[in-house]
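Novice: Please see the structure below; I have some questions.
The values are calculated or read from the model by the stated rules, or taken from the named source; none is laboratory data. Bear in mind that the values here come from a model prediction, so they are computed numbers and not experimental data. All Cβ positions, even for glycine, are placed from backbone atoms using ideal geometry, and neighbour counts span all protein chains on display. Note: accessible area is taken over every heavy atom of the protein model, side chains too, but ligands, DNA and RNA are not part of it. Shrake-Rupley method; radii C 1.70, N 1.55, O 1.52, S 1.80 Å.
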Amino acid sequence: MNVRSTRPPAPIIPTASGRAPWTLRRRLVVAVVGLLALVSLVIGVVSVAILSANLMDGLDSQLKNTADRSINLFDRPPSGVSPSASYVLNGPSQQSGTLALVYDGSTVTAGYTDQAGTIVGLTNDQVTQLVTELDTAVRNGQTSEPFSVDLGGDVGEYRVMAETARSGTLFLVGLPVSSVTGTATQLAVIIALVSLAGIVLVAFLATAIVRLALRPLQRVTETATRVSELPLDRGEVLLVERVPAADTDPRTEVGRVGSALNRMLDHVDIALETRQASENKVRQFVADASHELRTPLASIRGYSELTRRSGQDLPDDTKHAIGRIESESIRMTGLVEDLLLLARLDEGRELEREPVDLTSLLVDVVSDAHAAGRDHVWDLDLPEEPVLAAGDGPRLHQVFANLLANARVHTDPGTRVEVALATEGDRAVVTVTDDGPGIPENLRATLFERFARGDSSRFRGTGGSTGLGLAIVQAVVQAHHGEVTVDSRPGRTSFRVELPLA
Ligand SMILES: Nc1ncnc2c1ncn2[C@@H]1O[C@H](COP(=O)(O)OP(=O)(O)OP(=O)(O)O)[C@@H](O)[C@H]1O
Ligand SMILES: [Mg+2]
């Protein structure tokens, strides 16, 4: 028997609210690019630091040479020339940018040469700053040791060294640090630009490579998605979907996922086949049992009828018993017929497909219902033109007879029942509406299931209700590729049957 799950399958890609998590591709690309940026940064910082240190060492040894040359100059001053800053700066082999400050015991002279070799004086503040540095260095005995001084303004940072000439003259020479920082800055800019270009290139390449590498995973996902869209919960299912062989190589990660999925699909396939086989077996059993029961039931009914009609004088209780046997055997025959019909519909047995005139069929059904339920008010609303549906006449008759029987049996006398026929597009629509008490709330969810019936069924006691009526309605309508729906509340219950037109 079919058990239809009412829970829809969960989507493979959940439409979760909130910020979307990062995809594997994005995570891999970001990781590669991030690592490359980090490595480039470390290489850049270390390179610039080493270069700066080396250049500073070079500058210091140049400074030492400058200081030595200056000491020699002071040793042999030309006659009539007093030692001064310009004397030092004009000396042979002094490079441009050199700074000098000389204190000959009475006066202080200071200046530096610019790019063109012209001597430029220093401001009073700069001279005072240098004198203080010179004084401190001499006082602490730190002569011949290079140290940095920032003179600010256009002059900038200098590497300076204090010295005492053999004549006793105190002086200080310096070389600009700007040459060192300039070169280091240049290197830093070059490394940054090259790294940036490299990072952009790697980002593009990594995106392409990761996309290529994840393509098999994409194919595995597509297979799983296709399987998830198959209706596996009912009927005979052909589960032929498999991950392509190229993506099931167990030596790769994706291959392992693919082959695991294929193995799972094999298992599911076997399970579905087993389910189908056991369902078929149950169906076959129900069909066989119902079929076999028809003959003995007919005999029981025949004999009881015969006995009742034989005209013999029977005691009252025997008469009553025979009457009960007859009515129960009629009820059981109906039940067996219903079970047989359901089993055959479950088997997927094709129904007749010929034009059925719904107009005259409904006229018949309503007049039968009218005859059976004189206390109800019956309304029939038919279109001018006859409406032909494609299907099996006796089965469709049974559908509407069941709906009208319900409207009669499960409502109170005086209830108005309206039967209407119309067409909507390529469908015939029949509605059966009553203004009775409505379908009990607890029954609505399972209304069309087998043996689902209301507790208060007035006919239960007398054996009139089995709970198969609406199950048959649904099975027959679905076998016609139609649809049956219900809308019920106290005071209004409406069944709507849609059938394809002939
Ligand atoms: N028009 C209706 N008004 C109120 N209740 C209804 C109506 N139609 C169906 N029902 C409720 O739905 C239940 C199931 O209906 P269904 O036709 O399947 O079984 P049944 O009428 O009880 O038995 P059967 O039709 O097999 O003799 C009924 O028992 C009844 O409680
Ligand atoms: Mg019924």
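Novice: Counting residues that are crowded, with 17+ Cβ neighbours inside 10 Å, which strands (runs of 3 or more DSSP E) fully inside the range 342-438 reach at least 3?
Specialist: Details: elements: 354-357, 377-381, 388-391, 416-424, 427-434.
Answer list for the range 342-438: 388-391, 416-424, 427-434.
Novice: Residue check: is residue 260 part of a helix (DSSP H, G or I) and touching a residue at least 60 places away in the same chain (Cβ under 8 Å)?
Specialist: On the way: part of a helix (DSSP H, G or I): yes; touching a residue at least 60 places away in the same chain (Cβ under 8 Å): no.
Taking the combined requirement at face value, the residue does not satisfy it.
Novice: Could you tell me whether residue 269 is more than 30 Å from residue 26 (Cα to Cα) and buried (at least 16 other Cβ atoms within 10 Å of the Cβ)?
Specialist: On the way: more than 30 Å from residue 26 (Cα to Cα): yes; buried (at least 16 other Cβ atoms within 10 Å of the Cβ): yes.
Against the criterion (more than 30 Å from residue 26 (Cα to Cα) and buried (at least 16 other Cβ atoms within 10 Å of the Cβ)), residue 269 qualifies.
Novice: Follow-up. Mind checking whether some residue in the range 270-278 is touching a helix residue (DSSP H, G or I) at 6+ places or on another chain (Cβ under 9 Å) and either among the β-branched types (Val, Ile, Thr) or more than 30 Å from residue 104 (Cα to Cα) (or both)?
Specialist: Looking only at the range 270-278, we keep the residues that are touching a helix residue (DSSP H, G or I) at 6+ places or on another chain (Cβ under 9 Å), and these are none.
Taking every residue of the range 270-278 in turn, none turns out to be touching a helix residue (DSSP H, G or I) at 6+ places or on another chain (Cβ under 9 Å) and either among the β-branched types (Val, Ile, Thr) or more than 30 Å from residue 104 (Cα to Cα) (or both).
Novice: Let me confirm something: among 204, 285, which residue is more than 30 Å from the chain's Cα centre (by Cα), aromatic (Phe, Trp, Tyr) and surrounded by fewer than 17 Cβ atoms within 10 Å (Cβ to Cβ)? Write out each step before concluding.
Specialist: Details: 204 fails: more than 30 Å from the chain's Cα centre (by Cα).
From the options 204, 285, the qualifying one is 285.
Yes/no matrix, rows are residues, columns are (1) within 15 Å of ligand 2 (Cβ to nearest atom); (2) outside the structural domain of residue 340 (by TED's automatic domain parsing); (3) of a type outside the set (Val, Ile, Thr):
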position	(1), (2), (3)
390	no, yes, yes
394	no, yes, yes
418	no, yes, yes
431	no, yes, no
449	yes, yes, yes
484	yes, yes, no
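Novice: Same structure again: Out of the range 396-444, which residues are out of contact with any strand residue (DSSP E or B) (no Cβ under 9 Å at 6 or more places or on another chain) and in contact (Cβ under 8 Å) with a residue 24 or more places away in the chain?
Specialist: Of everything in the range 396-444, those that are out of contact with any strand residue (DSSP E or B) (no Cβ under 9 Å at 6 or more places or on another chain) and in contact (Cβ under 8 Å) with a residue 24 or more places away in the chain turn out to be 398, 401, 402, 405, 409, 412, 413.
Novice: Return the only residue of 198, 182, 156, 235 being open to solvent by less than 50 Å² (accessible area, probe 1.4 Å) and closer than 30 Å to residue 108 by Cβ.
Specialist: That would be 156, the only listed residue that is open to solvent by less than 50 Å² (accessible area, probe 1.4 Å) and closer than 30 Å to residue 108 by Cβ.
Novice: Could you tell me whether residue 143 is assigned by TED's automatic domain parsing to the domain that holds residue 58, part of a strand (DSSP E or B) and either touching a Lys or Arg at 6+ places or on another chain (Cβ under 8 Å) or in contact (Cβ under 8 Å) with a residue 12 or more places away in the chain (or both)?
Specialist: Working: assigned by TED's automatic domain parsing to the domain that holds residue 58: yes; part of a strand (DSSP E or B): no; either touching a Lys or Arg at 6+ places or on another chain (Cβ under 8 Å) or in contact (Cβ under 8 Å) with a residue 12 or more places away in the chain (or both): yes.
Considered against the rule, which asks whether it is assigned by TED's automatic domain parsing to the domain that holds residue 58, part of a strand (DSSP E or B) and either touching a Lys or Arg at 6+ places or on another chain (Cβ under 8 Å) or in contact (Cβ under 8 Å) with a residue 12 or more places away in the chain (or both), residue 143 comes out as no.
Novice: From the list 477, 497, 473, which one is within 15 Å of residue 402 (Cα to Cα), outside any loop (DSSP other than H, G, I, E, B), β-branched (Val, Ile, Thr) and in contact with a Ser or Thr (Cβ under 9 Å, 6 or more places away or on another chain)?
Specialist: Values: 477 fails: in contact with a Ser or Thr (Cβ under 9 Å, 6 or more places away or on another chain); 473 fails: in contact with a Ser or Thr (Cβ under 9 Å, 6 or more places away or on another chain).
The match here is 497.
Novice: Quick check on residue 311: is it at positive phi and more than 52 Å from the chain's Cα centre (by Cα)? Give the steps one after another, and end with the answer.
Specialist: Numbers: at positive phi: yes; more than 52 Å from the chain's Cα centre (by Cα): yes.
When the stated conditions are applied, residue 311 passes them.
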